[in-house]
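Working notes for the structure below.
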Amino acid sequence: MSNDLLAPRLHPDDSFHFVESHRPALTAGTLTVTVTHTASPATGGTLQAKRRADFAVQAPRFALQPTDIAAQFPPRGASGNFSAVLPHVILRRDTLPWERTARHKDASTGHDDGAPWLALLIFEEHEVAGLVSTVDADTLLASSKGKTSSFEKLTPDAGDDPKQKVSVLDLPIALAKEVLPSYGDLSWLATVRDVTPGDGRDVGKPQSVILANRVPPSVTGETLRYAAHLVSLEHQYHKDTRKNAKPDPVHWAERKQQGTVRLISLTSWSFSTSAPAQDLKTLLLGLKTRPPMLDVPSRAKRTRAPVVDGAVPMRLSSREGRPTAAWYRGPLVPHLQFFAPQLPALRAEALIRRDAATGMEDISYAAAWELGRLIAVRDPEIGIKLRQWKRHHAEATRAIGRLKDAGVDDIETAGPPPFALTEWFEQALGLLHRVPFDYLVPRPDLLPQETVMPFYLDPKWVHALMDGAFSVGRTSTALQREDEALVDNEPELKALMRDEVYRSGVLIRSRIVTGWPHLIVDGLTEQDDTPVKILRFDRLGRDTLLVIFDQRVEHIDIHPHPQAMHFAVPIDGATGKPSHERASGTGVLDIAALAKGKTHSGDFQSELVKGVPRLTVRIEVPK
């Protein structure tokens with residue numbers, strides 16, 4: 001269940017800084033290595049041998065995968081007040097913006113500065129309505145037949161797939177000239193963010209950042225929708241041959257007065273500006289707290305007791321195929337007062353109980369047991385090895401018994417499992433990594449949008465889950481007793497499967513998870529304001545975050561990381577508009593003018609960084 005795409009979590013004492021660039025040793029394309037060996041034999045003359053080899057350096061060209069993107073701002077689908085804040089995208093690969101170049105070969109100076117090939121363009125939605133389409137990559141390559149006046153075709157690379165579907169924007173010349181950054185601006189808009197951990201732990205690799213050059217207008221009450229496109233500008237900037245031209249290359253569109261400009265859209269998303277604003281502060285203050293239980297009218301006395309315990313009615317089919325219903329409660333519960341299942345169990349049915357008030361069966365622990373068994377069986381690294389170890393241990397135990405009966409005292413006992421069984425039980429089962437989301441939240445109405453759900457982790461549910469996993473190969477009461485004895489002889493495993501460890505946590509479903517990936521979630525006790533240890537911190541979906549603490553907590557504080565990134569631009573006090581607009585009212589900025597006096601893009605972006613509001617929302621955990 002853990003999301004491997006989630007970056008290492010930032011701690012409050014972590015800091016970050018910006019670096020101008022991380023340039024790869026080799027840029028993308030086909031390269032040639034020539035080796036020449038010259039020898040001068042004693043007999044005179046010269047012998048020479050030469051060998052040439054071509055090789056390809058590959059990099060993304062026509063599209064980016066979701067795994068390439070660490071964060072976007074404003075978040076996908078967000079609605080709020082984003083005026084005076086530059087949109088940006090954070091890429092996981094720190095060298096990606098410099099793996100290709102925007103400079104065309106006709107503008108080469110012999111020491112190519114490698115201006116980034118990526119640009120983040122922001123459009124009002126109506127500006128690009130009907131202008132986005134899909135084409136084959138072959139139509140964008142110089143090897144294809146036919147000419148086009150709307151795109152500078154690319155030299156084919158070894159890794160190009162001519163049939164790859166590519167998303168493109170076909171912009172009118174006037175709009176393209178308005179929004180495209182200058183060649184010099186490209187280098188100001190790309191940088192690398194490097195995190196310095198406060199405690200020396202691994203915080204992952206540096207990530208590259210691409211800023212947009214356009215800001216949305218101030219919120220006026222009207223909702224405006226925007227489209228953000230991360231586009232490729234590879235080889236689109238040519239030598240400027242116009243009269244009184246500047247040294248920098250220019251986009252070829254600058255030389256045209258009509259027609260269209262085709263841009264490759266590597267990824268895109270949309271957001272809107274609206275009132276009332278739904279920025280971070282508004283979203284945090286608007287979070288609703290609810291326990292992991294359904295709302296039930298007080299007059300529904302018969303069903304109230306199971307529901308208060310966190311159970312939900314589930315539609316099932318009986319063994320005979322008849323429709324029926326049963327109560328199910330997952331491991332995330334509002335309190336910790338439940339009956340103890342009899343473990344180890346021979347089969348899941350032994351853990352079903354009947355609710356006295358409603359007459360319905362409660363399948364909570366039976367479902368956990370059966371799920372644990374399925375998880376273990378399906379894991380090739382656990383199921384087979386666990387069964388083999390148990391069989392070996394049982395045979396060794398019987399052999400030891402026979403030796404003792406024969407009077408042999410110096411006997412080596414059967415050893416522990418030869419694989420990381422305890423670690424797997426703790427991570428996969430104890431911290432619910434392998435438990436499907438539907439088992440955690442069995443109904444969508446338990447966790448509506450913009451909700452915080454504090455919970456306790458039911459240790460009995462987890463024990464049933466673990467017993468189900470350990471039951472692989474358990475087919476008789478004799479094997480059931482052997483499993484029980486085996487667990488008793490393994491102290492670490494016994495502690496996991498028998499001791500009632502009380503843990504708590506929180507599920508958050510909100511747009512703050514999507515838009516602010518470096519949230520800080522602290523669990524606090526009444527005795528100590530120091531945050532307790534976090535055992536699991538995982539994004540389970542685009543907008544859902546799961547946090548599990550190593551003990552019971554009374555309060556949960558949610559707040560953004562002190563250095564979470566936003567890039568603010570200066571506002572003209574007289575007009576209320578961003579300074580350094582290229583054309584008044586467009587929101588498109590003259591980045592070179594804005595960066596005047598800065599030494600490089602890292603220095604420039606550090607100057608723009610705006611700390612997010614130092615706002616903390618405290619959630620009370622029900623006792």
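Quick notes on this one:
- Looking only at segment 353-385, and only at residues there that are hydrophobic (A, V, I, L, M, F, W, C), touching a Phe, Trp or Tyr at 6+ places or on another chain (Cβ under 8 Å) and over 14 Å from D309 (Cβ atoms), the one that is surrounded by the most Cβ atoms within 10 Å (Cβ to Cβ): A368
- Of all residues making up segment 501-543, the number that are among the charged types (D, E, K, R), open to solvent by less than 40 Å² (accessible area, probe 1.4 Å) and farther than 24 Å from P74 by Cβ: 3
Each row is one residue, and each column tells you yes or no for (1) free of Cβ contacts under 8 Å to residues at least 40 places away in the same chain; (2) among the acidic types (D, E); (3) crowded, with 21+ Cβ neighbours inside 10 Å.
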{"residue": "S218", "(1), (2), (3)": "no, no, no"}
{"residue": "R225", "(1), (2), (3)": "no, no, no"}
{"residue": "A228", "(1), (2), (3)": "no, no, yes"}
{"residue": "S232", "(1), (2), (3)": "no, no, yes"}
{"residue": "Q236", "(1), (2), (3)": "no, no, yes"}
{"residue": "K243", "(1), (2), (3)": "yes, no, no"}
{"residue": "V250", "(1), (2), (3)": "no, no, no"}
{"residue": "Q257", "(1), (2), (3)": "no, no, no"}
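- Residue in segment 40-76 that is nearest to Q605 (Cα to Cα), counting only those that are open to solvent by 50 Å² or more (accessible area, probe 1.4 Å) and within 22 Å of the chain's Cα centre (by Cα): R76
- Of all residues in segment 584-596 being in contact with a helix residue (DSSP H, G or I) (Cβ under 7 Å, 6 or more places away or on another chain) and among the small types (G, A, S), the one that is least open to solvent (accessible area, probe 1.4 Å): A595
- When the test is whether a residue is over 26 Å from G330 (Cβ atoms) and open to solvent by 30 Å² or more (accessible area, probe 1.4 Å), P436 does not pass it.
- Here is the figure for segment 545-569: residues that are part of a loop (DSSP other than H, G, I, E, B) and at pLDDT 80 or above total 6.
Listed here are the residues, each with its yes/no results for (1) under 30 Å from H580 (Cβ atoms); (2) free of Cβ contacts under 8 Å to residues at least 40 places away in the same chain; (3) of a type outside the set (S, T, Y).
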{"site": "I520", "(1), (2), (3)": "no, no, yes"}
{"site": "T525", "(1), (2), (3)": "no, yes, no"}
{"site": "P531", "(1), (2), (3)": "no, yes, yes"}
{"site": "R536", "(1), (2), (3)": "no, no, yes"}
{"site": "G541", "(1), (2), (3)": "no, no, yes"}
{"site": "T544", "(1), (2), (3)": "no, no, no"}
{"site": "V553", "(1), (2), (3)": "no, no, yes"}
{"site": "P560", "(1), (2), (3)": "yes, no, yes"}
{"site": "F567", "(1), (2), (3)": "yes, no, yes"}
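- Among the residues examined, W424 does not qualify as modelled with pLDDT of 95 or more and either over 18 Å from H463 (Cα atoms) or part of a helix (DSSP H, G or I) (or both).
The values are calculated or read from the model by the stated rules, or taken from the named source; none is laboratory data. Worth saying up front: this structure is predicted, and the values here are computed from it rather than measured. For neighbour counting, all protein chains shown are included, and Cβ atoms are generated from backbone atoms with ideal geometry for every residue, glycine included. In case anyone asks, the SASA skips ligands and DNA or RNA and just uses the protein heavy atoms, side chains included. Shrake-Rupley method; radii C 1.70, N 1.55, O 1.52, S 1.80 Å.
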